[in-house]
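Novice: Okay, here's the structure, questions in a sec.
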Amino acid sequence: MEYCQTVQSAEERAARLTEAVGDAIHGWRFEPQMAALQALRGIDPISAVGLVAEIGDLGRASRIRVR
């Protein structure tokens, strides 16, 4: 029983954190890029935030020259 409560508590915490991240990204300058990433199968808001936070401006890829 205690294990079930621990799992339930962790799931509730994850849901609260996911909601908090969702609220925090409104108005963020990368919000359109996050929306575009979420159009891909398997990319949820948390994954999109992580990708954008690591990569930054996805538009700069079009300006990269390979030598």
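A short reminder: the numbers here are calculations on the coordinates, not readings from a lab. This is a predicted model, so every value here is computed, not measured. Note: ideal-geometry Cβ built from the backbone for every residue, glycine included; neighbour counts use all protein chains shown.
Novice: If you place +1 on the Cβ of every Lys and Arg, -1 on the Cβ of every Asp and Glu, and leave all else neutral, what size is the dipole of the chain about its Cα centre, to the nearest 20 Debye?
Specialist: For this selection, approximately 680 debye.
Novice: Also, I was wondering about something else. Please find, in a Gaussian network model of the chain (springs between Cα atoms separated by less than 10 Å), the residue of R13, R41, R29 whose mean-square fluctuation is greatest.
Specialist: R41
Novice: For the chain, build the charge dipole from Cβ charges (+1 Lys, Arg; -1 Asp, Glu) around the Cα centre, then report which of G42, F30, M1 sits farthest towards its positive end.
Specialist: F30
Novice: All other residues with a Cβ under 12 Å from the Cβ of P45 taken together, and with Lys, Arg as +1 and Asp, Glu as -1, what is their net charge?
Specialist: Here the count lands on -4.
Novice: Additional query: Determine how many Å³ per residue the convex hull of the Cα atoms of the chain encloses. Write out the running numbers ahead of the final one.
Specialist: Numbers: hull volume 7.6 nm³, N = 67.
Roughly 113 Å³ of hull volume per residue.
Novice: What does the helix-only formula give at 222 nm for the chain: each DSSP H stretch with n ≥ 4 adding -39500 (n - 2.57), the total divided by the residues, and the result rounded to the nearest 500 deg cm²/dmol?
Specialist: It comes out at -20000 deg cm²/dmol, rounded to the nearest 500.
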